[in-house]
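Novice: Questions regarding the structure given below will be posed in turn.
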């Protein structure tokens, strides 16, 4: 890796910067927000998110790759090196419906605010991903006895906190061999769009988005724990700058409401007419299927069980509804999810320097008009 100095770079290996009290969103953060986008919450009415509405986070630039000469190299602690091109499409494949969420979702709502991509709660989406099980590819390469971890390298290249790098993430061999981990070539039945990793990407169901390496060009099996930047420095829960931190893996439980009624253009404050209202939403967790959702229509004074929709599959969001008799006045709606592992979505999640895994309950302020 090459170490660089830029006017805004933190010290090499240093923590993300935390905004000063009262500091507003910077032009640099707005620049990130213009390149990356969240999913409009009304898109949750659909079981599967159209690719153009699915959230996008691109760390560096979108590589413009020619599929005719693009090859996925498999090497390292294997008996057979592989170079897969168009022949990968002929290998056994399967489709898995996966809800994907950015680890930084909710970052902009934390105080003090970590300075980075300023997500609110929309960094999520659900798609049908089709590809070859990674396990099948590794079986063809034949792992050697000293295989410990698998490193995935994307074709995207840039600088992060002073470190020049290809985007790389690693998984332990046990995680990599999960039968649902896929090398994906299609999204919702169509070739991957450029922003979603064309021609190939990794999908690790249940994990936050940082594990889903796009523009995948190399799979390298190594005999030790991967200590690259995106594993060892970034995407770790830290309270202090010098903390080693805890690695981020699976998605914490979250429920989101489709904001009811209609919005004010600038503030997005919601308005609706009095009477019976059916609230809709989605809930998910990377640890276990969601088995309960609660909703409040009075700012958290009381919570009641929502009605869950059909079980959608192990890794996809689950729909829920809640009947509400809306009376005139302004109130705050919220929802919270519980999963089968015993994890519960908090009303207020804990703080960390990177602004990661903030699954605090979403709040939606609404004004019910007079009849």
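Novice: Between residue 224 and residue 95, what's the calculated FRET efficiency when r is the beta-carbon distance and R0 is 45 Å? Round to 0.05. Don't jump to the answer; show the numbers that get you there.
Specialist: On the way: r = 34 Å, r/R0 = 0.75.
Step by step, r from the Cβ atoms, then E = 0.85.
Novice: For the residue pair residue 139 and residue 308, what label-to-label distance in nm results when each label sits 7 Å from Cα along the Cα-to-beta-carbon direction?
Specialist: 3.2 nm
Novice: Classify the range 328-371 as rounded, prolate or oblate, taking a ≥ b ≥ c as the square roots of the eigenvalues of its Cα gyration tensor: rounded when a/c is under 1.5, otherwise prolate if a/b is larger than b/c and oblate if not. Write down the numbers at each step before the final one.
Specialist: Details: a/c = 5.08, a/b = 1.95, b/c = 2.60.
It comes out oblate by the Cα gyration axes.
Novice: So what's the gap between the Cα centers of the range 248-263 and the range 206-232, to the nearest angstrom?
Specialist: 27 Å
Novice: Would you order 314, 169 from fewest to most other beta-carbon atoms within 10 Å of each residue's own beta-carbon?
Specialist: On the way: 314 14, 169 23.
Least to most surrounded, the residues fall as 314, 169.
Novice: Taking neighbour counts of Cβ atoms within 10 Å as a proxy for exposure, in what order, fewest first, do 370, 61 appear? Kindly include the intermediate steps, with their values, before the conclusion.
Specialist: Values: 370 8, 61 11.
In increasing order of surrounding Cβ atoms, one gets 370, 61.
Novice: Working out 0.36 nm times the residue gap between residue 60 and residue 120, then minus their Cα-Cα distance, what length gain in nm do you get to one decimal? Display every interim value, and only then the final one.
Specialist: Details: separation 60, 0.36 × 60 = 21.60 nm, distance 2.08 nm.
Taking residue 60 through residue 120 to full extension adds about 19.5 nm, to one decimal.
Novice: Which peptide among 121-129, 227-235 comes first, and what is the full order, when sorted by highest mean count of other Cβ atoms within 10 Å?
Specialist: On the way: 121-129: 23.7, 227-235: 18.9.
Result, highest mean first: 121-129, 227-235.
Novice: Now a separate question. Does the range 277-355 come out rounded, prolate or oblate by the C-alpha gyration tensor, with a ≥ b ≥ c the root eigenvalues, rounded set by a/c under 1.5 and, if not, prolate when a/b is larger than b/c and oblate if not?
Specialist: Details: a/c = 2.38, a/b = 1.26, b/c = 1.88.
Oblate.
Novice: While we're here: Over its Cα atoms, what ratio of radius of gyration to 2.2 N^0.38 Å does the range 198-263 give?
Specialist: On the way: Rg = 16.6 Å, N = 66, 2.2 N^0.38 = 10.8 Å.
Compared with the compact-globule rule of thumb, the range 198-263 sits at 1.54.
Novice: Sorting 353, 250 on the 10 Å Cβ count, fewest up front, what's the list? Walk me through the numbers before you get to the answer.
Specialist: Working: 353 20, 250 17.
By the 10 Å Cβ count, ascending, the order reads 250, 353.
Novice: Here's something else I'd like to know. For the range 50-109, taking Cα atoms only, what is the radius of gyration to one decimal and the Dmax to the nearest whole Å?
Specialist: 16.7, 49
Novice: Taking the highest mean first, how do the peptides 327-335, 288-296, 137-145, 84-92 order by number of other beta carbon atoms within 10 angstrom per residue? Please list the in-between numbers first.
Specialist: Details: 327-335: 16.4, 288-296: 20.0, 137-145: 14.9, 84-92: 13.2.
In descending order of packing, they fall as 288-296, 327-335, 137-145, 84-92.
Novice: So what is the 222 nm mean residue ellipticity for the chain from helices alone, if each DSSP H run of at least 4 adds -39500 (n - 2.57) and you divide by all residues, rounding to the nearest 500 deg cm²/dmol? Could you put the intermediate results ahead of the total?
Specialist: Values: 4 runs with 25 residues, N = 371.
My calculation for the chain gives -1500 deg cm²/dmol from helical runs alone.
Novice: R0 = 35 Å: FRET efficiency of residue 28 with residue 239, Cβ-based, nearest 0.05?
Specialist: Details: r = 24 Å, r/R0 = 0.70.
After rounding, the FRET efficiency stands at 0.90.
Rule-based calculations on the coordinates, nothing more; no lab input. Quantities reported herein were computed from a predicted structural model and do not represent experimental measurements. When we count neighbours, we look across all protein chains shown, and the Cβ atoms used for this are built from the backbone with ideal geometry, even at glycine.
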